[in-house]
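Single-structure report; data block below.
All of the numbers you see were taken from the coordinates with simple rules; none came from a lab. Not measured: the values here are computed from a predicted model. Reconstructed Cβ throughout: ideal geometry from the backbone, glycine too, with neighbour counts over all protein chains shown.
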Amino acid sequence: MSLKIGDLARLAGCQAVTVRYYEREGLLAAPDRTGGNYRLYGEQDVERLKFIRHCRRHDMKLDEIRRLLAYRDHPERDCVWVSELLDAHVSNVEAQIQSLQRLKGYLQDLRGRCSGGGSAAT
């Protein structure tokens, strides 16, 4: 699979400028280039970019993501720090889930109060 930057960005749900930024930051490897100097990406790049975007959506810092990707690329390295980092983020995700469940309850309650008609005039 060979994708240009716009295709990669679309598949990952971001913009091309984001892809270039992650390349500059070293989170994505420098891609192969065509004779016309267009960037070319593969399936591994799609998965890596989706992972990065998912981590960013949940408040992971670039340095944390960089370290996780380095471990993912070299799982034979020491991983004690990985467990500590992931435990902290799992706790954060659990707190977000609880908060979203509370919000869902509030919204469902408000929806239940709505009779489907116009607003009640006084």
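Of the options (1) 34; (2) 37; (3) 46, only one is percent of Cα pairs over 25 Å apart as computed from these coordinates, and that is (3). About the centre of its Cα atoms, the chain shows a dipole size close to 620 debye [charges on the beta carbon of Lys, Arg (+1) and Asp, Glu (-1) only; nearest 20 debye].
Restricting the chymotrypsin sites (Phe, Trp or Tyr not before Pro) of segment 1-51 to loop positions (DSSP other than H, G, I, E, B) with no more than 15 neighbouring Cβ atoms within 10 Å leaves 38. Think of the chain as a dipole: +1 on every Lys or Arg Cβ, -1 on every Asp or Glu Cβ, centred on the Cα centre; then among 96, 11, 107, 107 lies furthest on the positive end. Listed by chain and number, the lysines placed with their C-alpha closer than 21 angstrom to that of residue 4 are 50; residues fewer than eight positions away on the same chain are left out.
Here the spin labels are modelled as points 7 Å beyond Cα on the Cα-Cβ line, and at residue 74 and residue 87 they lie 2.4 nm apart.
Residue 85 sits among other residues whose Cβ lies under 12 Å from its own Cβ, and their net charge, with Lys and Arg +1 and Asp and Glu -1, is -1.
Name the shape class, rounded, prolate or oblate, that the alpha-carbon gyration tensor gives for segment 51-95, where a ≥ b ≥ c are the square roots of its eigenvalues, rounded holds for a/c under 1.5, and otherwise prolate holds if a/b is larger than b/c and oblate otherwise. Because a/c hits 1.5 or more and a/b fails to exceed b/c, segment 51-95 counts as oblate.
Rounded, prolate or oblate: which fits segment 1-69, taking a ≥ b ≥ c as square roots of the Cα gyration tensor eigenvalues, rounded meaning a/c under 1.5, else prolate when a/b beats b/c? Display every interim value, and only then the final one.
Values: a/c = 2.11, a/b = 1.75, b/c = 1.21.
It is prolate, given that a/c is not under 1.5 and a/b is the larger ratio.
Between beta-carbons, use under 15 Å as the cut-off and find the net charge around residue 4, counting Lys and Arg +1, Asp and Glu -1. Net charge in that neighbourhood comes out at -1.
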